[in-house]
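**Student:** Dropping a structure here in structure tokens format, bear with me for questions.
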Amino acid sequence: MTALATAPDAARTGGPRRAGSSGKGIRRGEAAAGWLFTLPVLVILGVFLLVPVLMALWVSFSDWNGRGSPLSPSVGFVGLDNYAEITTGGGLAERDFGTALRNNAWYVLLVVPLQTALSLFLALLVNRAVLRGRGFFRTAFYFPSVTSSVAITVLWLFLFSASGAVNEVLSWVGVNGPNWFNEPSGVLHNILGAFGVSSGPAALTGNSFLGLSWWDWLAGPSVAMSAFMLMAVFTTSGTFMLLFLAGLQNIGGDVEEAAMMDGANAWQRFWRVTLPQLKPALFTVLTLGLIGCWQVFDQIYTGTQGGPGKTTLTPAYLSYESAFLSQEWGRGAAIAFVLFVIIVFFTILQRWVLRDRPVSRRRARQYEVPGAPRRKEGAR
């Protein structure tokens, strides 16, 4: 009976197992080999990424003055003082951080949707089989993304100067363009001013957050920051176009043909068929867009250094200014880690928004075959 009982097991496993030759031993050997091959990369990442991040985190809790090692015994632990200075200190540091956060929040709020929509539109355009010269248009749309951001910023300074090409084109239609990079007024305040609204209600002007009144928070991006926003959309849409294009080319043509046979028009096919299948690409584009917009630095450093009137100041540039120019290394590190927390929060939030949701019962009934028995809840 024992031989007969073990015969099927031996047949299923390809023969009787030898003593000491188990699958766990093989898996242990594969795991050891995997760790051995990845060990050099892990060491490099630990030395050049993890250790500096941990040191910067320590600096944000210390009074290090930039001289010597931040791990020396002379460096003292100050706890959350650096974080409190920029969030609840009530001085210039808090107001500068609030101004930088306000500027960057408007930057993210407007740039991320614009660049995502434009890149998706460009991807749909160059993915059309009837478009002639698709290779040329793909290269032309992607070309600004491979150009140096410093070079693009310098070009933008010339285009948007008081006598630049943008104001010249606006003058053709009777519009007197502003001095873009020297105009600190908020766009929304300018629009309200055109209708005679020059000051906000007491509920907005009398209450503040991070040293700025809510009326200042609702000023919108400055005219100077709006020029940087246009530049960001111009330079990043080509890169995100390629991500959407890769997603579009992975969608089979039979799916769209089936939707056409069901009577779906072009908008219904895009909204109900194409866009849901682009959700992985959309998540990647939104994640990279959020990270890039919250970390904007080189354009500000090359262009305006936070001016005019600190209306183009961003947290990334403020962190650099506090640490390297003002020698307030703890404050600069604290700003960097607050920015890190903000980026992680918005990344998790948009991942939650784009999560896969279960099909509702009402929509599931649309796909039930008439007369077929309904599956009970919990039945497999």
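The values are calculated or read from the model by the stated rules, or taken from the named source; none is laboratory data. All figures in this text were calculated on a predicted structure; none of them were measured in a lab. We place every Cβ from the backbone using ideal geometry, glycine too, and count neighbours over all the protein chains shown. Each accessible area value is taken on the protein alone, full model and side chains, heavy atoms only, with ligands, DNA and RNA left out. Shrake-Rupley method; radii C 1.70, N 1.55, O 1.52, S 1.80 Å.
**Student:** Just a yes or no: is a residue in the stretch 16-23 part of a helix (DSSP H, G or I), modelled with pLDDT of 50 or more and either loosely packed, with under 10 Cβ neighbours inside 10 Å or touching a helix residue (DSSP H, G or I) at 6+ places or on another chain (Cβ under 6 Å) (or both)?
**Tutor:** Of all residues in the stretch 16-23, those part of a helix (DSSP H, G or I) come to 23.
From what is left, the residues that are modelled with pLDDT of 50 or more are 23.
Next, from what is left, pick out any that are either loosely packed, with under 10 Cβ neighbours inside 10 Å or touching a helix residue (DSSP H, G or I) at 6+ places or on another chain (Cβ under 6 Å) (or both): 23.
Within the stretch 16-23, one or more residues are part of a helix (DSSP H, G or I), modelled with pLDDT of 50 or more and either loosely packed, with under 10 Cβ neighbours inside 10 Å or touching a helix residue (DSSP H, G or I) at 6+ places or on another chain (Cβ under 6 Å) (or both).
**Student:** Let me ask you something else. Scanning the stretch 204-238 for residues that are farther than 18 Å from GLY309 by Cβ and β-branched (Val, Ile, Thr), which turns out surrounded by the fewest Cβ atoms within 10 Å (Cβ to Cβ)?
**Tutor:** Among those that are farther than 18 Å from GLY309 by Cβ and β-branched (Val, Ile, Thr), it is THR205.
**Student:** Which ones in the stretch 56-93 are of a type in the set (D, E, K, R) and farther than 12 Å from ALA334 by Cα? Break it down stepwise before answering.
**Tutor:** Our first condition is that a residue be of a type in the set (D, E, K, R); within the stretch 56-93, this holds for 63, 67, 81, 85.
Selection gives ARG67 alone.
**Student:** Among the residues of the stretch 274-292 satisfying the criterion of being open to solvent by less than 30 Å² (accessible area, probe 1.4 Å) and out of contact with any Phe, Trp or Tyr (no Cβ under 6 Å at 6 or more places or on another chain), which is modelled with the lowest pLDDT? It would help to see each step written out before you state the result.
**Tutor:** Residues of the stretch 274-292 open to solvent by less than 30 Å² (accessible area, probe 1.4 Å): 274, 278, 281, 285, 287, 289-290.
Imposing the further condition that a residue be out of contact with any Phe, Trp or Tyr (no Cβ under 6 Å at 6 or more places or on another chain) reduces the set to 274, 278, 287, 289.
Values: THR274: 88, LEU278: 92, THR287: 93, GLY289: 94.
Across the stretch 274-292, the extreme among qualifying residues is THR274.
**Student:** Would you say ARG355 is open to solvent by 60 Å² or more (accessible area, probe 1.4 Å), under 22 Å from VAL112 (Cβ atoms) and not in a helix (DSSP H, G or I)?
**Tutor:** Working: open to solvent by 60 Å² or more (accessible area, probe 1.4 Å): yes; under 22 Å from VAL112 (Cβ atoms): yes; not in a helix (DSSP H, G or I): yes.
Answer is yes for this residue.
**Student:** Same structure, new question: So TYR317 ticks every box in (1) touching a helix residue (DSSP H, G or I) at 6+ places or on another chain (Cβ under 8 Å); (2) open to solvent by 30 Å² or more (accessible area, probe 1.4 Å); (3) over 15 Å from PHE346 (Cβ atoms) but one. Which box is left unticked?
**Tutor:** (2)
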